[in-house]
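J.: One structure, pasted below without further comment.
The values are calculated or read from the model by the stated rules, or taken from the named source; none is laboratory data. Since we're looking at a predicted model, the values are computed, not measured. Cβ coordinates were reconstructed from backbone atoms using ideal geometry, including for glycine residues, and neighbour counts include every protein chain displayed.
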Amino acid sequence: MPNQLERLDLVFQALTDGTRRAVIQHLSNSPASVSDLAKPFAMALPSFMQHLSVLENCEMVRSEKSGRVRVYHLTPGPLKVAELWIEKQRSLWETRLDQMDEYLLELKERANESKIK
């Protein structure tokens with residue numbers, strides 16, 4: 001099992017591709033077979049399977065075989081890791097921007113005070 005930072009890297013790498021994001025979107029509605037997932041894409045099945053392999057390697061999806069059909073399911077854990085990281089970054093930058101706003105307002109007030117004198 002990769003550590004949290006490695007896992008985060010794998011998740012973001014997986015999400016860089018539009019095909020994989022579309023698969024995640026599809027699976028967020030319900031589990032689906034390989035053929036259902038591949039249907040909207042104009043690519044050979046082996047190429048599409050590489051996308052599924054990337055998603056499985058970062059544990060964003062899991063598959064199970066039922067007879068001759070392989071069905072994929074979304075596993076939300078890795079997306080939650082990415083969500084928490086993004087939220088932490090957003091909070092940090094909001095704090096920094098608020099501090100910068102306060103500083104700029106203070107500078108503006110000082111400039112206005114010096115004009116009055």
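J.: Tell me, which residue of segment 70-113 that is among the hydrophobic types (A, V, I, L, M, F, W, C), closer than 29 Å to Ser35 by Cβ and within 20 Å of the chain's Cα centre (by Cα) is modelled with the highest pLDDT? Quick ask: steps written out before the conclusion?
T.: Pass one, segment 70-113, residues among the hydrophobic types (A, V, I, L, M, F, W, C): 71, 74, 79, 81-82, 84-86, 92-93, 97, 100, 104-105, 107, 111.
Now restrict to residues that are closer than 29 Å to Ser35 by Cβ: 71, 74, 79, 82.
Filter again for within 20 Å of the chain's Cα centre (by Cα), leaving 74, 79, 82.
Numbers: Leu74: 96, Leu79: 89, Ala82: 91.
Checking each candidate, the answer is Leu74.
J.: Tally time: how many residues in segment 18-34 are in contact (Cβ under 8 Å) with a residue 24 or more places away in the chain and closer than 19 Å to Lys80 by Cα? Let's see the steps before the verdict.
T.: We begin by selecting, within segment 18-34, every residue in contact (Cβ under 8 Å) with a residue 24 or more places away in the chain; these are 19-20, 23-24, 27-28, 31-34.
When the remaining residues are screened for being closer than 19 Å to Lys80 by Cα, the result is 20, 23-24, 27-28, 31.
Qualifying residue count for the region: 6.
J.: In segment 50-70, which residues are surrounded by 14 or more Cβ atoms within 10 Å (Cβ to Cβ), in contact with a Leu (Cβ under 8 Å, 6 or more places away or on another chain) and part of a helix (DSSP H, G or I)?
T.: Within segment 50-70, Leu52 is the sole residue that qualifies.
J.: Also, quick follow-up: Give the residue, chosen from Glu83, Glu94, Glu113, Glu59, that is farther than 30 Å from Glu6 by Cβ and out of contact with any strand residue (DSSP E or B) (no Cβ under 9 Å at 6 or more places or on another chain). Explain how you work it out, then say what you get.
T.: Working: Glu83 fails: farther than 30 Å from Glu6 by Cβ; Glu94 fails: farther than 30 Å from Glu6 by Cβ; Glu59 fails: farther than 30 Å from Glu6 by Cβ.
That would be Glu113, the only listed residue that is farther than 30 Å from Glu6 by Cβ and out of contact with any strand residue (DSSP E or B) (no Cβ under 9 Å at 6 or more places or on another chain).
J.: With respect to Leu37, is the statement that it is in contact (Cβ under 8 Å) with a residue 12 or more places away in the chain, touching a Lys or Arg at 6+ places or on another chain (Cβ under 8 Å) and outside any loop (DSSP other than H, G, I, E, B) true? Spell out how you get there, then give the answer.
T.: Numbers: in contact (Cβ under 8 Å) with a residue 12 or more places away in the chain: yes; touching a Lys or Arg at 6+ places or on another chain (Cβ under 8 Å): no; outside any loop (DSSP other than H, G, I, E, B): yes.
So Leu37 does not fit the description; no.
J.: Based on what the data block shows, is Ala14 under 19 Å from Leu79 (Cα atoms) and among the hydrophobic types (A, V, I, L, M, F, W, C)?
T.: Yes: the conditions hold for Ala14.
J.: Select from segment 71-99 the residues that are hydroxyl-bearing (Ser, Thr, Tyr) and in contact (Cβ under 8 Å) with a residue 12 or more places away in the chain and write down the one among them that is surrounded by the fewest Cβ atoms within 10 Å (Cβ to Cβ). Before you say what the answer is, go through the steps one by one.
T.: Step one: of segment 71-99, the residues hydroxyl-bearing (Ser, Thr, Tyr) are 72, 75, 91, 95.
When the remaining residues are screened for being in contact (Cβ under 8 Å) with a residue 12 or more places away in the chain, the result is 72, 75.
Details: Tyr72: 22, Thr75: 16.
It comes out as Thr75.
J.: Could you tell me whether any residue of segment 16-34 is out of contact with any helix residue (DSSP H, G or I) (no Cβ under 8 Å at 6 or more places or on another chain), at pLDDT 95 or above, surrounded by 12 or more Cβ atoms within 10 Å (Cβ to Cβ) and of a type outside the set (Gly, Ala, Ser)?
T.: Yes: segment 16-34 contains one or more residues that are out of contact with any helix residue (DSSP H, G or I) (no Cβ under 8 Å at 6 or more places or on another chain), at pLDDT 95 or above, surrounded by 12 or more Cβ atoms within 10 Å (Cβ to Cβ) and of a type outside the set (Gly, Ala, Ser).
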